[in-house]
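Worksheet: the structure to be examined is printed underneath.
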Amino acid sequence: DAERKRNQAAQEGGGLGKGLMNAGDNLVGGIADGVTGIFSKPVQGAKKEGIGGFFKGVGQGLAGVVVKPVVGVTSAAVSVVQGASNATNDSETHSHVRLRRALPIHAHPGGSGLGLPYITPYSVEAAEAQRSIMS
């Protein structure tokens, strides 16, 4: 249940800071789950299946000590990457202040006449015309 809660937090939006916070939670939660499993799994096993369940729980608890922190580290790495991805996606939502420059395709005055684009002074009219043609 705690692992599912950490995974859900990693999926939610937020920037790099939120990703780093989720990473810390995932790492600490994985270690805590592993350590508490050493004690809780044998007790749960003994309640369900008696002495055989106790030893089965010991095995599960020892396996959890190794596996849960590894899962926590992996979830932490995913949280950091997800946070960085969300941060870059947030920055892509900004619009341009002005339209893109129109690049005319014709020979440069006094040039070779190859029809290559060259930079002209910015013209709002040319940029609007290019936008209407391209869209």
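Worth a mention:
Every residue, every condition in (1) assigned to a helix (DSSP H, G or I); (2) over 30 Å from ILE119 (Cβ atoms); (3) modelled with pLDDT of 80 or more, yes or no:
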position	(1), (2), (3)
ASP25	yes, yes, yes
LYS41	yes, yes, yes
LYS47	yes, yes, yes
PHE54	yes, yes, yes
ALA63	yes, yes, yes
SER79	yes, yes, no
ASN89	yes, yes, no
THR93	no, no, no
VAL97	no, no, no
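- Inter-residue pairs, beta-carbon under 8 Å, first over 10 Å from LEU27 (Cα atoms) and in the range 61-84, second open to solvent by 50 Å² or more (accessible area, probe 1.4 Å) and modelled with pLDDT of 85 or more, 6+ apart: GLY61/ILE38; GLY61/PHE39; GLY61/LYS41; LEU62/ILE38; GLY64/ILE38; GLY64/LYS41; VAL65/VAL35; VAL65/ILE38
- Of all residues in the range 21-48, those satisfying the criterion of being of a type in the set (A, V, I, L, M) and either crowded, with 17+ Cβ neighbours inside 10 Å or touching a helix residue (DSSP H, G or I) at 6+ places or on another chain (Cβ under 6 Å) (or both) are ALA23, LEU27, ILE31, ILE38, ALA46.
The values are calculated or read from the model by the stated rules, or taken from the named source; none is laboratory data. A quick note: this is a predicted structure, and the numbers were derived from the prediction, not measured. Neighbour counts run over all protein chains shown; Cβ positions are idealised from the backbone, glycine included. Only protein heavy atoms, including side chains, enter the accessible area calculation; ligands, DNA and RNA are left aside. Shrake-Rupley method; radii C 1.70, N 1.55, O 1.52, S 1.80 Å.
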